[in-house]
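Q: Got a structure for you, written out below as structure tokens; questions coming shortly.
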Amino acid sequence: MPMLDESCAGAGSGGSDPDRQWCSCLPFCFWGAKSASTPNDPPRNGNEELDRAIAESLAEDVKPPKGMHLFMQRNHKGDSNDEDLARAIQDSLNMNPYTPYNPYAPTQAQPRGHRVCGRCKHEIGHGHYLSCMGIYWHPQCFRCCSCGHPIRETEFTLLGTDPYHKLCYKELHHPKCDVCLQFIPTNRSGLIEYRAHPFWGQKYCPLHEQDRTPRCCSCEKMEPRNTKYMSLGDGRSLCMECLGSAVMDTGECQPLYHSIRDYYEGMNMKLDQQIPMLLVERQALNEAMEGESKGPHHMPETRGLCLSEEQTVSSILRRPRIGGNRLLDMRTQPQKLTRRCEVTAILVLYGLPRLLTGSILAHELMHGWLRLKGYRNLNAEVEEGICQVMSYLWLESEILPASSRHAPSSSYASSSSSYPPTSSKKGGISHTEKKLGEFFMHQIANDTSTAYGDGFRTAYAAVNKYGLRQTLNHIRLTGGFPV
């Protein structure tokens, strides 16, 4: 007896497809011996009618359940004689239910118009037809909906009412890993399990989280096998999209730094002191962070720092050359930082895209502004939260048109402008850079940490409700956000 094997796939961020059925059908066919009677047929006596009723009843008993097999049925013209009918009855009684093929097994005839082809949608009527899962086809219509070739294998796949070769269906619908470019394998439970980036949607096999596949330090995408990321030489890698707008040395970063200071000034939050800004390597940033006896709290992967202590820091003097997939001729220069005010300098990790570098500068400048304006002893959630709000608002000003932005920041400004300044980049930004900016905003808004994530969401709600000026005044007086 032909068997049907049904399986559904999907896990993690994926899911099962309820319309897909895997059909495994042995060549099991029924050949019908009965055709519709005509007005010219001679009358039959009662015994013949009784024999016919018995035959049809027996056929119904041995008929497999509807929707469980693949059938081929043919209607014959004319009627069999009693001897042929008796032989058919005897064969049906002796039929082994596991016999894969029996062309003489009787079947119950169905009226015309009952069967409609699942492909051409025309009535099947008399003649050959195929049936599976309650769907019927003309034999010539039973073709793969992908390649268009006839399906002759004993196993195929149904998606709704559309049949496919199993391999064709797999090519179309089985998810492929965006890293190794292979079909994502099933787990021990037979389900397709994969990981997916919450913003980019990049799908990959779970094993790539442990096999040291490089991940971009900016956008977090994993390196596909057919692409090479740029190695920054300190354990970080950068994808080609992020490399296109990467800021590589201190001199290159100065225009961006000054534009963000102008952004603060446009919101009536001018920084009177000239705070030095340096672009540094990862090791120099970590050493400077260890040298800080106090200051703001830091994320596990620190990318910026607002210094308050005197230190000597090595900054990147000249943009390195790119050789293959590595950076060459990195030139640094030690610089002694002396303390002239509450803020000694702002350090930012080199090699990050312009928008990410700018968001870090906006965050660290807010730390500097709070110190210079006398905000003291703020807890981590309050200080990091309001700094993240300034980072988020600056990103918003860079990638969104003025009419699409929220305007909580304007409530602090004394100017007549309804919105903060527009993008600092001449000629606007590309679609790729805009998507990166949206991703950095997504990171801020969905951060799961207490200080940076919960702090931002609480601060942003307060700024939206009361405005930035009133929120900052409340922080100065109470050390917390207004509710």
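Q: Of all residues in the stretch 211-247, which are over 19 Å from the mean Cα position of the chain (by Cα) and farther than 15 Å from residue 325 by Cα?
A: Initial filter on the stretch 211-247 (over 19 Å from the mean Cα position of the chain (by Cα)): 211-212, 226-238, 240, 242-247.
Answer for the stretch 211-247, where residues must be over 19 Å from the mean Cα position of the chain (by Cα) and farther than 15 Å from residue 325 by Cα: 211, 212, 245, 247.
Q: Moving to a separate point now. Can you tell me which of (1) within 30 Å of residue 212 (Cα to Cα); (2) touching a Ser or Thr at 6+ places or on another chain (Cβ under 8 Å) is the one residue 235 doesn't meet?
A: If we test residue 235 against (1) within 30 Å of residue 212 (Cα to Cα); (2) touching a Ser or Thr at 6+ places or on another chain (Cβ under 8 Å), just (2) comes out false.
Q: State which residue pairs qualify: first residue under 19 Å from residue 230 (Cα atoms) and inside the stretch 352-368, second residue among the hydroxyl-bearing types (Ser, Thr, Tyr) in any location, beta carbons under 8 Å apart, and separation of 6 or more residues or different chains.
A: Between residues of the stretch 352-368 that are under 19 Å from residue 230 (Cα atoms) and residues that are among the hydroxyl-bearing types (Ser, Thr, Tyr), the close pairs are 352/218; 353/218; 353/245; 354/245; 355/245; 356/218.
Q: Oh, and also: Just to check your reading of the model, which residue among 413, 461, 402, 407 is at pLDDT 95 or above and among the small types (Gly, Ala, Ser)?
A: Among 413, 461, 402, 407, only 461 is at pLDDT 95 or above and among the small types (Gly, Ala, Ser).
Q: If I go through the stretch 445-461 residue by residue, how many of them are without any contact (Cβ under 8 Å) to a residue 60 or more places away in the chain and either β-branched (Val, Ile, Thr) or farther than 25 Å from residue 355 by Cα (or both)?
A: So the count comes out to 1.
Q: Restricting the stretch 301-318 to residues that are closer than 18 Å to residue 361 by Cα and assigned to a loop (DSSP other than H, G, I, E, B), which is modelled with the highest pLDDT?
A: 303
Q: Within the stretch 351-373, identify whether any single residue is more than 27 Å from residue 262 (Cβ to Cβ) and surrounded by fewer than 16 Cβ atoms within 10 Å (Cβ to Cβ), and answer yes or no. Even if it seems obvious, please write down each step before you answer.
A: Residues of the stretch 351-373 more than 27 Å from residue 262 (Cβ to Cβ): none.
No, the stretch 351-373 has no match at all.
Q: Which is in contact with a Pro (Cβ under 9 Å, 6 or more places away or on another chain), in a helix (DSSP H, G or I) and either modelled with pLDDT of 90 or more or loosely packed, with under 15 Cβ neighbours inside 10 Å (or both), of 443, 470?
A: Working: 443 fails: in contact with a Pro (Cβ under 9 Å, 6 or more places away or on another chain).
After applying the criteria, what remains is 470.
Q: Hand me the list of strands (runs of 3 or more DSSP E) wholly inside the stretch 132-204 holding 2 or more residues that are aliphatic (A, V, I, L, M), in the same structural domain as residue 215 (by TED's automatic domain parsing) and in contact (Cβ under 8 Å) with a residue 24 or more places away in the chain.
A: On the way: elements: 135-137, 155-159, 162-164.
Once the strands (runs of 3 or more DSSP E) in the stretch 132-204 are filtered for at least 2 residues that are aliphatic (A, V, I, L, M), in the same structural domain as residue 215 (by TED's automatic domain parsing) and in contact (Cβ under 8 Å) with a residue 24 or more places away in the chain, nothing remains.
Q: If you take the residues in the stretch 205-245 that are touching a residue at least 24 places away in the same chain (Cβ under 8 Å) and of a type in the set (Gly, Ala, Ser), which one is surrounded by the fewest Cβ atoms within 10 Å (Cβ to Cβ)?
A: Only one residue tops the list, namely 235.
Q: Looking at 291, 304, which one is assigned by TED's automatic domain parsing to the domain that holds residue 359, in contact (Cβ under 8 Å) with a residue 12 or more places away in the chain, surrounded by 18 or more Cβ atoms within 10 Å (Cβ to Cβ) and not polar (S, T, N, Q)? So that I can check it myself, show each step before the final result.
A: Numbers: 291 fails: surrounded by 18 or more Cβ atoms within 10 Å (Cβ to Cβ).
That would be 304, the only listed residue that is assigned by TED's automatic domain parsing to the domain that holds residue 359, in contact (Cβ under 8 Å) with a residue 12 or more places away in the chain, surrounded by 18 or more Cβ atoms within 10 Å (Cβ to Cβ) and not polar (S, T, N, Q).
Q: Would the stretch 223-243 turn up any residue that is assigned to a loop (DSSP other than H, G, I, E, B), in contact with a Phe, Trp or Tyr (Cβ under 6 Å, 6 or more places away or on another chain) and under 30 Å from residue 318 (Cβ atoms)? It would help to see each step written out before you state the result.
A: Taking the stretch 223-243 as the starting set, the residues that turn out to be assigned to a loop (DSSP other than H, G, I, E, B) are 223-229, 232-236, 239.
Applying the additional criterion that residues be in contact with a Phe, Trp or Tyr (Cβ under 6 Å, 6 or more places away or on another chain) yields 223, 239.
Those left that are additionally under 30 Å from residue 318 (Cβ atoms): 223, 239.
Yes, the stretch 223-243 contains a residue that is assigned to a loop (DSSP other than H, G, I, E, B), in contact with a Phe, Trp or Tyr (Cβ under 6 Å, 6 or more places away or on another chain) and under 30 Å from residue 318 (Cβ atoms).
Q: Only one of these is of a type outside the set (D, E, K, R) and under 30 Å from residue 233 (Cα atoms): 198, 150, 163. Name it. Let's see the steps before the verdict.
A: Details: 150 fails: under 30 Å from residue 233 (Cα atoms); 163 fails: under 30 Å from residue 233 (Cα atoms).
Just a single option satisfies the conditions, and that option is 198.
The values are calculated or read from the model by the stated rules, or taken from the named source; none is laboratory data. Just so you know, these numbers come straight off a predicted model, no measurement behind them. Cβ sites come from the backbone with ideal geometry, for glycine too, and all protein chains shown count toward neighbours.
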